[in-house]
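J.: The structure follows.
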Amino acid sequence: MSQSHNPLGDPNHAIDLALFGALGDLAIRKLFPALYHLDREGLMPESTRIVGLAREGHDTTEFRNLVSAALQKRLKKEEQDKESITRFLNRIDYLKLDFKQAEGFEQIRQWREGSERPMVVYLSVAAAIYGDICRNLQQSGSLDDATRVVVEKPIGSDLASSEEINDAIGSVFPESRIYRIDHYLGKETVQNLIALRFANPLFGTQWNQNHISHVEITVAEKVGIEGRWGYFDEAGQLRDMVQNHLLQLLCLIAMDPPSNLDADAIRDEKVKVLKALKSFTGEALGRDVVRGQYTAGTSDGQQVPGYLEEEGANTESQTETFVAMKTEVANWRWAGVPFYLRTGKRMPEKLSQIVIHFRQQPHYIFDPDQRNIAANKLIIRLQPEEGIALQVLTKDSGLDKGMRLRPGPLHLDFNNAFPTSRIPDAYERLLLEVMKGQQYLFVRRDEVEHAWRWCDQLIDGWKAREAPPRRYPAGSWGPVASIAMITQDGRSWYEDY
Ligand SMILES: NC(=O)C1=CN([C@@H]2O[C@H](COP(=O)(O)OP(=O)(O)OC[C@H]3O[C@@H](n4cnc5c(N)ncnc54)[C@H](OP(=O)(O)O)[C@@H]3O)[C@@H](O)[C@H]2O)C=CC1
Ligand SMILES: O=C1O[C@H](COP(=O)(O)O)[C@@H](O)[C@H](O)[C@H]1O
């Protein structure tokens, strides 16, 4: 992370942003609100311009009205001020384009005529058409040596398809100008993992198999598939969440300290972790991995349909909406330390958290009945209620308690600790880093490919076993087998905070 000395909002960070897929779900729900926030907070240089590209026939005024309506729907009342909204909308143009056809791409070159700002091309479309867009941009003469490209996940559906897509992007853009998004890397607490681990000697010395007994990573979602059957049923939870977000979290927890904060120093360390991940042999696949699919149940007290009853569903689908697994990073730092991962849709609550369980004292002198609570835990809450809690043991107070232990948190709640600062959405941070031309929060090609290699052996193993996903009712924490998987090691998923 070579820090720029320019203040944020520096005119040097002005860009021309070409947003492909500007009427899609991601653009409307996340990207335009994030761009608006950057503008409102004075982080978007005055000359920055945005062009939305999609195939519907709108003119710029109609498109601005659509964006305005989307902002009103998604922003909190206190975040909507007329002046900021007007300034933001005035930056936006719209061009109608079929991304797969070369004709029409010259409109982008014309839109930029006379501009000296670098162009950022944001591909908020399915990865299968990244190659077409890159080629058409090149052939139309819209690119120059400063153009950056931002691509969304998942890149492909396995190693082979991701290599093909990365080759297609790479034939037009060098790696130093490719920004592969994993939006979890833009979340405030995820970035805090780097600060927590490498700025605090207290943890630095303890961060290994001598002191840590096991690690849990939970990314639970309350929502189902949100009308995205077509995409999700092809992908499943392993490709949608584990291949990218969960493995990135695991890397940040498990990696060795980088020699500095430059993008490649961090990414080199993450790749070492991905290479060291144990693969699952036939027997381990059945024992250490649980696939699940939700059935009808309740969410927030309301009846909700099962996965196979979702709109557009194929009722035979065996796609997983839940995965839990026990894996290991096979190196000196982590040998013998299980990493328990779980992620699923239609869980009882939205909860992303990492729990580091430290080992017990080598010699225990307190009440034998309390032995199972006698260890420290570091709980890193990514969302909601971002914060970090270190669970320590103290003596229970009171004359009649003797030397009874009581676990309690030393708690840093970000909203309370830093009440004046709004916790920005991940996309705000990532878009800002793209504007500044900094890559440390983006994923390098070899990371994507090592992650796929590891997921592919799981997918192949599942195919060979032909075992259907285990059912779990919507609103539960997943199949019973995922609880059994951890309890048979004498442990349990941590659900308090
Ligand atoms: N939505 C989300 O929450 C997340 C999405 N992503 C990734 O972001 C990317 C975008 O996802 P999402 O917004 O959900 O997808 P959508 O399908 O909602 O949006 C894609 C947009 O691109 C347009 N488009 C597709 N093909 C063409 C074409 N040939 N010519 C012109 N326009 C075209 C679509 O238009 P039309 O409607 O006319 O087809 C639509 O406006 C994907 O890579 C996805 O994996 C990643 C994380 C989360
Ligand atoms: O990438 C994705 O992430 C979202 C969950 O993101 P979060 O920031 O809300 O935790 C998930 O719903 C979606 O299926 C997936 O594509």
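J.: Looking at the range 361-373, which of its residues are surrounded by fewer than 16 Cβ atoms within 10 Å (Cβ to Cβ) and either touching a residue at least 24 places away in the same chain (Cβ under 8 Å) or part of a strand (DSSP E or B) (or both)?
T.: Asp367, Ile373
J.: Then there's this: Would you pick out the residues in the range 379-428 that are under 23 Å from Tyr184 (Cα atoms), at pLDDT 85 or above and either in a strand (DSSP E or B) or polar (S, T, N, Q) (or both)?
T.: Scanning the range 379-428 gives Ile379, Ile380, Arg381, Leu382, Gln383, Gly387, Ile388, Ala389, Leu390.
J.: Is it the case that the range 245-268 has a residue that's touching a Phe, Trp or Tyr at 6+ places or on another chain (Cβ under 6 Å), more than 16 Å from ligand 2 (Cβ to nearest atom) and over 27 Å from Ile155 (Cβ atoms)?
T.: Within the range 245-268, one or more residues are touching a Phe, Trp or Tyr at 6+ places or on another chain (Cβ under 6 Å), more than 16 Å from ligand 2 (Cβ to nearest atom) and over 27 Å from Ile155 (Cβ atoms).
J.: Here is a check on your reading of the model: is Ile483 touching a residue at least 60 places away in the same chain (Cβ under 8 Å), part of a helix (DSSP H, G or I) and among the β-branched types (Val, Ile, Thr)?
T.: When the stated conditions are applied, Ile483 does not pass them.
J.: Also, I was wondering about something else. Taking Thr86 as meeting all but one of (1) farther than 20 Å from Tyr427 by Cα; (2) under 29 Å from the mean Cα position of the chain (by Cα), write down the number of the exception.
T.: (2)
J.: Please enumerate the residues belonging to the range 109-136 that are within 13 Å of ligand 1 (Cβ to nearest atom) and hydrophobic (A, V, I, L, M, F, W, C).
T.: Leu123, Val125, Ala126, Ala127, Ala128, Ile129, Ile133
J.: May I pose another question? Considering (1) touching a strand residue (DSSP E or B) at 6+ places or on another chain (Cβ under 9 Å); (2) among the aliphatic types (A, V, I, L, M); (3) not in a helix (DSSP H, G or I), say which one Leu196 fails and leave the rest.
T.: (3)
J.: Now for a separate question. Under 9 Å by Cβ, and 6 or more places apart or on different chains, what pairs join a residue from the range 381-403 that is of a type in the set (Val, Ile, Thr) with one that is in a loop (DSSP other than H, G, I, E, B)?
T.: Final answer for the pair search is Val392/Asn376.
J.: Now for a separate question. Do the conditions hold for Gly227, that is, is it touching a residue at least 12 places away in the same chain (Cβ under 8 Å), under 21 Å from the mean Cα position of the chain (by Cα) and not in a helix (DSSP H, G or I)?
T.: For Gly227, the condition - touching a residue at least 12 places away in the same chain (Cβ under 8 Å), under 21 Å from the mean Cα position of the chain (by Cα) and not in a helix (DSSP H, G or I) - is met.
J.: When you look at Ser213, is it touching a residue at least 24 places away in the same chain (Cβ under 8 Å) and of a type in the set (Ser, Thr, Tyr), yes or no? Break it down stepwise before answering.
T.: Details: touching a residue at least 24 places away in the same chain (Cβ under 8 Å): yes; of a type in the set (Ser, Thr, Tyr): yes.
Taking the combined requirement at face value, the residue satisfies it.
J.: What do you reckon, is Gly224 within 14 Å of ligand 1 (Cβ to nearest atom) and either polar (S, T, N, Q) or over 17 Å from Trp452 (Cβ atoms) (or both)?
T.: So Gly224 fits the description; yes.
J.: Please verify whether Gly52 is loosely packed, with under 14 Cβ neighbours inside 10 Å and under 24 Å from Gln438 (Cα atoms), treating the condition exactly as stated.
T.: Taking the combined requirement at face value, the residue does not satisfy it.
The values are calculated or read from the model by the stated rules, or taken from the named source; none is laboratory data. Quick caveat: nothing in here was measured; it's all calculated off a predicted structure. Cβ atoms come from the backbone with ideal geometry, glycine included; neighbour counts cover every protein chain shown.
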